[in-house]
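Input: a single structure, listed below in structure tokens.
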Amino acid sequence: MSDKNKLHYYFKKSSISSHKALDTSSITAQGVNTIDTAILIETNESNNASSSILLSESSTSSSDSEYEIQDNENLKDKESASTTTTATATTILTTPTITTNDLSTKSSSSSTTSSFKRDPARGPEHAREFILLGPYQSVTSFPTVNHRHFCLNWYNVYKWIEYSETTQKACCFVCRFAYSPGQCDDAFTKNGFNNWAMAMNKFKKHEASIFHKKANESFVNAVKNNKDNMNVLKLINIEHKKATSENRNYLKEIIRTIIFIAKQGLSFRGHRENDESDNKGNLLELLEFRSLENELIRKKLGTVKYTHHSIQNEMLSIIQQHILSKIVSEIKISKYHSIMIDESTDISRHQQVSLVIRYTDDLFSVYERFIGFERASDKTGEGLFNLVIEWLNKLDLDIKNIIGQCFDGASSMRGSCKGVANLDVAEVVVPVRNNFGIVKSLYNLIEGSPKRHKIFDDSEKEAGIVPTTLKQLCDTRGACRYESLKAISSRYSEILSTLTLIDTGDSFILLLVIKTFDFVFHIYMVNEIFLITNILSKFLQYVSVTLTDVLAKVNITIDTLQSLRNENEFTRIWDYTMKI
């Protein structure tokens, strides 16, 4: 019977069974190595009627190229007789069931590269680039060649097969992966295969070839080694992240400790910081103390310390820059601010200038922030001015927004002519100026020696009053002058007794001077004035004080001082001096 008559007989005999066979062929196969696979072809009848039939390659046929038509019942028997196996180490894909939708999803999501890069037409040398992605099994419209085309279900039967959309040919992924010129079939590695009529025969022969089996074994080992390497790298990465996290947390503990020591104004380092030292410095001692309750600190102190003095200085510098940046940001938001400058001499006898900036926030809360110290090489008023201008430029603060200036103790900055006209009423009134010199001499004589101070202390105890010390007189601080004159006025009798007991040339001269009416009168009078101005001085130091409050307080102080300029107040001071 000719092929045409066979086809005609088949459709007349069981058209319904033909449709069932079509449905059966869509059932996906389980992961097998040898199976009777349905191939869908199209045949045009002479009456232009198109029909779809199923051809099956029999695994028991004597010739691989001999095909026969099977009816629906025989097809079912063949499918039920096929041996179903699970995926093993020799298979490429472990997913047993593949449908058209599954392949479509896998094709779109299994690779992050473009379809062109994975296309087998690029050559076998590119297969190793996609070892973990496996064969490129694209789902597309397969063109017909000699009434036959590539069958989608072959992906399910031959896990190694892949299809090139460029050349429209099939290739073997594992053979491309292990490609060796002259040892493998170029039809499945370089050139591609598209003789679909002989497809099942060629696929079986290729799968049974020695090179394919070796290539498949090489591919499986490569995938396993690659995954093992990835697992090792993953473990290394996990350990690295863990160590990084621990080091960061440990560094946070060190920074917290450094901030605590800095806020308390304590020194960081000790004389010796080795393990034999009894006192390693505040930082190390505090960290060791905290390690008693903190396992992380105890662990890291024995390995990665991060406590070298250069690291301490670097951390302090970073903290200082962070705080300063925050302060400058707040000042810029406030825009208008005032500056306070002070001169002082450090322990190494170098002149240094301190800068404090005063500003408000949106709620008119007043803030005074210490900016830092700068060494002053030029002590003139012009030199200090240039220093401050350069300092503010570094902070990126516009000097046009400065609405107030305060030079507390910066005598070089005061005055009307580059700081040289440092006028003081104390220098103009000669008796007052001389009495301030005597007060300095009294302080140096009594407080300059522990022995003489003890004599003064004993005199206070004999008088039944609380012992105190004489205060040093400061040329630029009104509050210090008030405290110094207050101590002289309140301990006048005890000072006389002390000078008598000391019995030296200097004490004798000072004793004669402080007994004079002129000294007592001017000390008491100036003390009355400083008592009033000291109240204003302390008021000006309040953080929350406003300009309105200051002006009101200044006017009250001026009125109070003017009220002292009358006969009654003068008589009161005179009478008090005469009693002494």
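Of all residues in the range 430-484, how many are polar (S, T, N, Q) and part of a helix (DSSP H, G or I)?
So the answer is 6.
For the range 514-569, give me the residue count where each residue is of a type in the set (Phe, Trp, Tyr) and within 22 Å of ARG477 (Cβ to Cβ). Give the derivation first.
We begin by selecting, within the range 514-569, every residue of a type in the set (Phe, Trp, Tyr); these are 517, 519, 521, 524, 530, 539, 542.
Applying the additional criterion that residues be within 22 Å of ARG477 (Cβ to Cβ) yields 524, 530, 539, 542.
Matching residues across the range 514-569 total 4.
Does the range 518-529 contain at least one residue that is among the charged types (D, E, K, R), surrounded by 14 or more Cβ atoms within 10 Å (Cβ to Cβ), at pLDDT 85 or above and closer than 20 Å to VAL432 by Cβ?
Yes; the residues of the range 518-529 include at least one that is among the charged types (D, E, K, R), surrounded by 14 or more Cβ atoms within 10 Å (Cβ to Cβ), at pLDDT 85 or above and closer than 20 Å to VAL432 by Cβ.
Anything in the range 344-355 that is in contact (Cβ under 8 Å) with a residue 40 or more places away in the chain and either within 17 Å of VAL543 (Cβ to Cβ) or buried (at least 16 other Cβ atoms within 10 Å of the Cβ) (or both)? List them, or say none.
Filtering the range 344-355 down to residues in contact (Cβ under 8 Å) with a residue 40 or more places away in the chain leaves 344, 353.
Once the filter is applied, which keeps residues that are in contact (Cβ under 8 Å) with a residue 40 or more places away in the chain and either within 17 Å of VAL543 (Cβ to Cβ) or buried (at least 16 other Cβ atoms within 10 Å of the Cβ) (or both), the range 344-355 yields only VAL353.
Within the set of pairs 6+ apart or on separate chains, which have a first residue in the range 320-343 that is of a type in the set (S, T, N, Q), a second that is assigned to a loop (DSSP other than H, G, I, E, B), and C-beta atoms under 7 Å apart?
Hits for this filter: SER334/ASP361.
Would you point out which residue out of LYS224, LYS213, LYS242 is of a type outside the set (Ser, Thr, Tyr) and closer than 22 Å to PRO120 by Cα? Reasoning before the result, please.
Details: LYS224 fails: closer than 22 Å to PRO120 by Cα; LYS242 fails: closer than 22 Å to PRO120 by Cα.
Only one candidate qualifies: LYS213.
Looking only at the range 356-383, count how many residues are out of contact with any helix residue (DSSP H, G or I) (no Cβ under 8 Å at 6 or more places or on another chain), closer than 30 Å to THR548 by Cβ and surrounded by 15 or more Cβ atoms within 10 Å (Cβ to Cβ).
Number of matching residues: 2.
Which members of the range 206-224 meet the condition of being charged (D, E, K, R) and farther than 19 Å from TYR163 by Cβ?
Going through the range 206-224, the residues charged (D, E, K, R) turn out to be 207, 213-214, 217, 224.
LYS213, LYS214, GLU217, LYS224 - these are the residues of the range 206-224 that are charged (D, E, K, R) and farther than 19 Å from TYR163 by Cβ.
Looking only at the range 497-507, which residues are part of a helix (DSSP H, G or I), surrounded by fewer than 16 Cβ atoms within 10 Å (Cβ to Cβ) and not acidic (Asp, Glu)?
Here is the first cut: in the range 497-507, the ones part of a helix (DSSP H, G or I) are 497-502, 505-507.
Pick out the ones that are also surrounded by fewer than 16 Cβ atoms within 10 Å (Cβ to Cβ) and you get 500-501, 505-506.
Scanning the range 497-507 gives THR500, LEU501, GLY505.
Please specify each residue of the range 537-559 satisfying the condition of being within 21 Å of ILE403 (Cβ to Cβ) and among the β-branched types (Val, Ile, Thr).
VAL543, VAL545, THR546, THR548, VAL550, VAL554
Given ILE319, ILE333, which one is within 30 Å of GLU285 (Cβ to Cβ), among the aliphatic types (A, V, I, L, M) and under 29 Å from the mean Cα position of the chain (by Cα)? Don't jump to the end; show me each part of the working.
Details: ILE333 fails: within 30 Å of GLU285 (Cβ to Cβ).
Matching residue, one of ILE319, ILE333: ILE319.
May I ask you to verify whether ASN313 is of a type in the set (S, T, N, Q), surrounded by 15 or more Cβ atoms within 10 Å (Cβ to Cβ), under 29 Å from LYS242 (Cα atoms) and out of contact with any Lys or Arg (no Cβ under 8 Å at 6 or more places or on another chain)?
Values: of a type in the set (S, T, N, Q): yes; surrounded by 15 or more Cβ atoms within 10 Å (Cβ to Cβ): no; under 29 Å from LYS242 (Cα atoms): yes; out of contact with any Lys or Arg (no Cβ under 8 Å at 6 or more places or on another chain): yes.
Spelling it out, it is not the case that ASN313 is of a type in the set (S, T, N, Q), surrounded by 15 or more Cβ atoms within 10 Å (Cβ to Cβ), under 29 Å from LYS242 (Cα atoms) and out of contact with any Lys or Arg (no Cβ under 8 Å at 6 or more places or on another chain).
Does the range 482-511 hold any residues that are closer than 30 Å to GLU343 by Cβ, in contact with a Leu (Cβ under 6 Å, 6 or more places away or on another chain) and not polar (S, T, N, Q), and which are they?
Across the range 482-511, the qualifying residue is only ALA487.
Pick from the range 167-217 the residues that are of a type in the set (Asp, Glu) and outside any loop (DSSP other than H, G, I, E, B): which of them is nearest to GLN137 (Cα to Cα)?
Within the range 167-217, the first condition is being of a type in the set (Asp, Glu), and the residues that meet it are 185-186, 207, 217.
If we keep only those that are outside any loop (DSSP other than H, G, I, E, B) too, we end up with 186, 207, 217.
Details: ASP186: 19, GLU207: 17, GLU217: 20 Å.
Ranking the qualifying residues of the range 167-217, first place goes to GLU207.
Considering each residue of the range 272-305, count those that are assigned to a loop (DSSP other than H, G, I, E, B) and either touching a residue at least 12 places away in the same chain (Cβ under 8 Å) or touching a Gly at 6+ places or on another chain (Cβ under 8 Å) (or both), and give that number. Let's see the steps before the verdict.
To start, the set of residues in the range 272-305 that are assigned to a loop (DSSP other than H, G, I, E, B) comprises 272-281, 291-294, 302-305.
This time we only want the ones that are either touching a residue at least 12 places away in the same chain (Cβ under 8 Å) or touching a Gly at 6+ places or on another chain (Cβ under 8 Å) (or both), so: 273, 277, 279-281, 294, 304.
So the answer is 7.
So in the range 257-276, with the set limited to residues that are surrounded by 11 or more Cβ atoms within 10 Å (Cβ to Cβ) and among the charged types (D, E, K, R), which one is nearest to HIS309 (Cα to Cα)? It would help to see each step written out before you state the result.
Taking the range 257-276 and keeping what is surrounded by 11 or more Cβ atoms within 10 Å (Cβ to Cβ), we get 257-262, 266, 268-270, 272-273.
Those still in the list that are among the charged types (D, E, K, R) too: 269, 272-273.
Numbers: ARG269: 8, ARG272: 12, GLU273: 10 Å.
Top of the filtered list is ARG269.
The values are calculated or read from the model by the stated rules, or taken from the named source; none is laboratory data. All of these numbers come straight from a predicted model, not from anything done at the bench. All Cβ positions, even for glycine, are placed from backbone atoms using ideal geometry, and neighbour counts span all protein chains on display.
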